[in-house]
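Participant: Before I ask anything, let me first share the structure, which is written out below as structure tokens.
The values are calculated or read from the model by the stated rules, or taken from the named source; none is laboratory data. A quick note: this is a predicted structure, and the numbers were derived from the prediction, not measured. All Cβ positions, even for glycine, are placed from backbone atoms using ideal geometry, and neighbour counts span all protein chains on display. Note: accessible area is taken over every heavy atom of the protein model, side chains too, but ligands, DNA and RNA are not part of it. Shrake-Rupley method; radii C 1.70, N 1.55, O 1.52, S 1.80 Å.
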Amino acid sequence: MSDNRASHRVRAVYNGCLAMIVSAMPPSLYLVKEDEMTFTAMRAQGAGGQNVNKVSSAVHLRFDIAASSLPEWLRERLLGLNDQRLSKDGVLVIKAQQYRTQEQNRADAIERLQALIDAAGHTPKTRRATKPTYGSKQRRLAGKSQRAAIKSLRGRVDD
């Protein structure tokens, strides 16, 4: 069950009567160190009742790309991204406020940063041009001539 087009496989795990889908993502090649990230807690925006006004659950993650321990080519790619979260100084700012707890938002911000780094580190396969086979050329031409014959019969009938 190997699919070359998919970047990861999904498999079902059956544990008694509980079935769960486990996504087997490939491991990240370039892990970000936590000491290179800076976290700032703040109150989340939007609706949410009194809890939003009392608790600082939202998190700003700041990651200085130029000062990181990532390889040079990966830093160049990240700095070249056209992303509104990237400042002119080369600092990436990710705001996480989806969850109610600060720990969950912090984990979400780290996960989003890692996904961005993984996407920048991915190099697509180079396409190699191939020629169509002789048989496929013959089948294509036979289909074209058959279609042309059908269309030629649609013309005006002369008596």
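Participant: Can you give the accessible area per residue of the stretch 40-159, in Å², using a 1.4 Å probe?
Facilitator: Dividing the accessible area of the stretch 40-159 by its residue count gives 77 Å².
Participant: Sticking with this one: With +1 on each Lys and Arg Cβ and -1 on each Asp and Glu Cβ, how big is the dipole of the stretch 114-159 about its Cα centre, in debye rounded to the nearest 20?
Facilitator: Using only the charged Cβ atoms, the result is roughly 220 debye.
Participant: Could I ask something else about it? Stretch Ala107-Leu153 to full length: gain in nm at 0.36 nm per residue minus the Cα-Cα span?
Facilitator: Gain on extension, Ala107 to Leu153, equals 9.7 nm.
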